Amino acid sequence: MHGNHIRSAGELVFNAALFVISLVLLWASYGISGFSSLSSPGALPMAVAFVMAVSSGLILLDCWRKAERDRTRFLRDILPPAVIVMMLFITGYALLLVPLGFLPVSLIFLVLSILYLRRGGVVFAVSVSLLALILVYIVFRLVFTVLMPAGIVPEAEFLAAIGQIFGGGQ
Amino acid sequence: MKKTFVKFAAVAALGTALGTAVFAQDYPGKEIQGIIQWGAGGSTDTVMRTVTPHAEEVLGGKVVMKNMTGGVGAIATKFVYAQNPDGYTLLMGAENPLLYKVMGLGDIDYSEFTPINILARGVPILVANNDAPFDTFDEMVEYIQAHPNEVKFGSTGPGGLPSVVTSMIASKTELPVTQVPYDGDGPALTALQGGAVDVMPAVLGAAIEAIRGGRIKAITLIDNKPTEVLPDLPALGETHPEYADYFPWGPFFGVFVKNGTPDDVVAKLTEAYAEGAKSEDFVKLMADRGYIVESLSGQEAQDFLTKWQSLTTWLLHDAGETKASPEEFGIPKP
Amino acid sequence: MQALEYFLIPWLDLKLLFLVAAGTFAGVYVGAIPGLSVTMAVSILIGFTFTWDVYPALCLMVGIFMGGVYGGSRTAILLNIPGAPSAIATAMDGYPLAQKGLAGEAIGLSTVMSFVGGLIGIVVLAIAAPTVSEFALVFQPRDYMLLAVLGILLVGSLSGESLVKGIFAGSVGLLIGTVGLDPLTAEERFTFGFTGLWGGISFIAVMIGMFGVSEALMQLHHVDKAAVKQKISRIVPNWSSIRRYLPLSLQTSSIGVLIGALPGTGGDIAALMAYDHAKRVTRDPEVPFGQGAKEGLVAPETANNAAVGGAFIPMLTLGIPGDAVTAIMIGALYIHGLNPGPMLMIEQPQMFWFITGALVLANIFMLIFGLTGIRIFTKIVEMPRAVLIPLILLLSIVGAYAVNNSISDVYWMLGFGVLGYFMKSYGYQLGPVILGVILSRLLDENWRRAIISEQDSIAGLFKGMLTSPLSLVLLAAVVLIFVSQTPLWRGVRGKLGLESKP
């Protein structure tokens, strides 16, 4: 797919970014403990960051030398709209997870993304999302007691209340 | 879509109403989170998972325990510190936070927390590989001095129990050793059996089974009197009285809540964990592993923490192992 | 005879039999869901079985362990998302098979081979535990370091078309593994002043991001394309094909048992090393590796299940955990009033044989549960992508959070998902990244221990390596593999993938 003598859209920029990041990390690894000793905490990070910088430099050089571009277009082949939209969705999800809480954000995320990808079918999207969310809630929250951020839904109190109703008879 | 939102709003409203009502009525109104500073299967984890089910019975609620590891326990400490002081998040930790300030790991230590119960204390012990050419403390020191930097001491990094014990010994005599760091006393004791390190200061509980099995040999107990578990092993405080002032010293396990937690909640938790510490399971576990049950709370626990911090931070500081002087944080000299 | 009696305890007691079955069944699903790990399940079980007797509690744990290690292969084959780190290597040839519509066959083969591997691991545990554990103790820091280097060399076989890109990806992984407070000195590394980075970047979060999220994003390219129709005609592999892979599986199982028995290394490294081994010894696979070679499925699946038996070896003979799960089981034994240590086998020999018996039973149940229900499982791949992709993303987020209850792990997971997406788009393989993360601590810590033990003298380190038979063997292996990967006179440039003109 990625031949040796052609390069894809955006490849040069990506490789350049990796090279720059490697250099920054090399500098950061020097900051850990410098060249103090072979057994210092910074020894391996520095060696590894050096390899990163050299290899990404070679990759960049090689990519730069490729005169020809293949016929890929960045927004069509590398980052089509569907991918951008889903990336935005998950970014929104990540940002809203703590303030709103796991249950509402996940529901909104699932419904919206199923609607977007299928382009229609509200009833289907909502029912599939609810079903999936209930399963996830049972497995992660109830069985594995993973305490997801509660946000605006005080589900812990809710669970305790349900527990009291059932436990009240004992 | 709209319908779902209405449903959620209803659930939310109901939940909030119940939640507040329950809270005013009785603590705990929902499950309590117990954040364990160390990984699953470690000694802190084992202690907390043994004592907590008994505390739960007294509390009449559920404590969901989670391991939150990393940063010598600092990650968990910071997490609990960031929560509301409502008694619904407990910090289940070991001694490490008392050293954070001098080790440059932030400025949150147990002074920001109210101790619920200092459950138990461990006794350190010096153990050696079976092939090591010494059997007693004096022989060991003599050998080390005759072969400077050749003897390898297992360590768990600066501030860990091995480094404190090594500093204690080095404060009264020359001790030129090479400290090889491991990420926990378990791996270090394994390395001791395989001969990758020669001597290891460890907590008795972690080493006891290997000693019983004859896989490693005990050199001396780092305490003032011998232990029931190994009655024949001399105690360093008795054989070398110059060390006696340091002891009793050892790692400990405790349950904490953030300062500002309502008094009645603290009282209820304190009662629950004090009961838990009396339970047969817990007492047996501690005795088997050579830990000493303390079950301290309130002012007693505070005093214990203050004394521990002052002794240990100054000891490490004098040994040159700290990043900042205890003086900067107003920690008094012992 | 006494031993046989203990061995049969879980077989003859209906309740225990049921618990092993239930544990194994649950384990398969725990293992299959990324983010839910056997480690988590077992530590929750400690609280759950607190008041039980020790036998039933152990039956559940053993079942979950065996089932969980196997379960990771399910999602690796079906979705290219390894459910557990030990199934990373399985995805490399399992997923291409699923894409060809052979998911059922792939799962069937991996199930039978997991059973074979598991059985070999248990046999070694039963007959050679003391010998193997003594051998495991001989490993010094320098030997662990050489083992890690041996692992790093796998980059060569995981890089795909461009070795230099593989080297870069591998270094990224090694670097990710060092982020946070250094476990040995508590020094900050790559934290850039954020205390949130002190705990480092969770390996599972990186794995879920790089495999789960980046794969889901990739799939968006053909969201409208119909899913691959799965052929489910043959699930149980026929006898002749099992016999054909038997020599290979014996070798890879031995790798699994040994790596599993070493404290500090586990099924994930074992599976990757076995994969590499298979690639090296298979002269002419029917299908090239990486495109659905059966050998690439057999090797990691036998090795990771063999590592289960291996992990019990130091635990039952010395009280030393062979991996994270056995570490928790040791804690559980303490809570149940037993003192796991070198005396356990002498004072309580029934424990050893009881666990061996339960393991064999769990292995059999794994085979049964593994071979049933494959039809339903393969339906997952046939779900419309518009539903499957959002679900994968949600599961990835929950899974990443669940590992350490940390929101920042979710952010990292998403960040690495996006990075992984671009890396894939531009011809970088993600396998080496994960390899690097897995091996980072092993390499870093043991390099430093080794050199500290020699008082920072490289000459001393080499002297140590050349005078110890074990180190010498490992060193020879490192050199041989390195040379075999770099045909010096065939032009290093071509091998590096830097040739600009064909």
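Computed from the coordinates by the stated procedures, all read-outs in this text should not be read as laboratory data. Bear in mind that the values here come from a model prediction, so they are computed numbers and not experimental data. Because the Cβ atoms are built from the backbone with ideal geometry, glycine has one as well, and the counts that use them run over all protein chains shown.
Data table
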quantity: Geometric extent, Cα atoms of chain C - Rg, Dmax (angstrom); calculated: 22.1, 71
quantity: Computed E for residue A:127/residue C:246 - FRET, C-beta separation, R0 35 angstrom, nearest 0.05; calculated: 0.15
quantity: FRET E, pair residue C:17, residue B:263, Förster distance 45 Å, beta-carbon r, rounded to 0.05; calculated: 0.30
quantity: For the range C:214-273 and the range C:301-369, distance of Cα centres in Å; calculated: 24 Å
quantity: In sequence order, calculated HN-Hα J values of the range C:443-460 (Karplus, 6.51, -1.76, 1.60; Hz; x Gly/Pro); calculated: 6, 4, 5, 6, 4, 5, 4, 4, 7, 5, 4, 9, 6, 6, 10, 4, 4, x
quantity: Listed residue (B:194, B:243, B:137) projecting farthest to the positive dipole end of the range B:124-246, Cβ model; calculated: B:194
quantity: Cα-centred dipole magnitude for the protein assembly as shown, charges only on beta-carbon of K, R (+1) and D, E (-1), debye, nearest 20; calculated: 5180 debye
quantity: Point-charge dipole on Cβ atoms (K/R +1, D/E -1) for the range A:1-111, about Cα centre, debye to 20; calculated: 240 debye
quantity: Most fluctuating residue given options A:30, A:93, A:116, as computed from a GNM of chain A linking Cα atoms under 10 Å; calculated: A:30
quantity: Simple spin-label estimate for residue C:350 and residue C:123 in nanometres, 7 Å along Cα-Cβ; calculated: 2.9 nm
quantity: Charged-residue dipole, Cβ positions (Lys, Arg, Asp, Glu), the range B:41-197 about Cα centre, Debye nearest 20; calculated: 500 debye
quantity: Cut-off under 5 Å, modelled amide H: who pairs with residue C:287 long-range; calculated: C:294
quantity: Interchain or long-range residues, amide H under 5 Å from residue A:146's placed H; calculated: A:141
quantity: Ranked C:208, B:75, B:216, criterion: other C-beta atoms within 10 Å, fewest first; calculated: B:216, B:75, C:208
quantity: Using θ = phi - 60° and Karplus 6.51 cos²θ - 1.76 cosθ + 1.60, couplings along the range B:179-191 (whole Hz; Gly, Pro as x); calculated: 8, 9, x, 10, 9, x, 6, x, x, 5, 5, 4, 4
quantity: Residues B:227, B:190, B:89 arranged by fewest to most Cβ contacts within 10 Å; calculated: B:227, B:89, B:190
quantity: Across B:225/B:323; C:15/C:379; B:101/B:152; B:258/B:284; B:30/C:15; B:172/B:225, pairs whose alpha-carbon gap is larger than 25 Å; calculated: B:225/B:323; C:15/C:379; B:101/B:152; B:258/B:284; B:30/C:15
quantity: Global geometry of the range B:124-246, whether rounded, prolate or oblate, following the gyration tensor of its Cα atoms and the 1.5 cut on a/c; calculated: rounded
quantity: Descending semi-axes in whole angstrom, ellipsoid equivalent of chain A, from the Cα gyration tensor; calculated: 46, 29, 11
quantity: Candidate aspartates and glutamates for bridging to residue C:225, where Cα separation is under 13 Å - those fewer than 8 sequence places away on the same chain excluded; calculated: C:382
quantity: Listed residues A:111, A:136, A:39: farthest to the positive end of the dipole of chain A (Cβ charges); calculated: A:111
quantity: Calculated P(r) tail over 50 Å for the protein assembly as shown, as whole % of Cα pairs; calculated: 20 percent
quantity: Global form of the range A:6-75, assessed from the alpha-carbon gyration tensor, a/c cut-off 1.5; calculated: prolate
quantity: Spatial separation of Cα centroids for the range B:50-74 and the range B:81-141, in angstrom; calculated: 17 Å
quantity: Residue exposure sequence - B:54, C:221 - by fewest surrounding Cβ within 10 Å; calculated: C:221, B:54
quantity: Simple label model, 7 Å out from Cα along Cβ direction - residue B:328 to residue B:57, nm; calculated: 4.8 nm
quantity: Cross-link reach list, lysines versus residue B:278, counting only Cα pairs under 22 Å and skipping chain neighbours closer than eight places; calculated: B:62, B:268
quantity: Residue-averaged 222 nm ellipticity for chain A, from DSSP H runs of 4+ at -39500 (n - 2.57), nearest 500; calculated: -22000 deg cm²/dmol
quantity: Label-point separation in nm, residue A:134 to residue C:371, each point 7 Å along Cα→Cβ; calculated: 3.5 nm
quantity: Selection from B:163, B:330, B:83 lying farthest towards where the dipole of chain B points positive, charges on Cβ; calculated: B:83
quantity: DSSP loop chymotrypsin sites (Phe, Trp or Tyr not before Pro) with at most 13 other Cβ within 10 Å: longest gap in chain C; calculated: C:195-502
quantity: Cα centroid of the range C:1-18 to Cα centroid of the range A:21-100, whole Å; calculated: 54 Å
quantity: Within straight-line cross-link reach of residue A:66, lysines at Cα separation under 30 Å, skipping those fewer than 8 residues along the same chain; calculated: C:165, C:424, C:495, C:501
quantity: Global form of chain B, assessed from the alpha-carbon gyration tensor, a/c cut-off 1.5; calculated: prolate
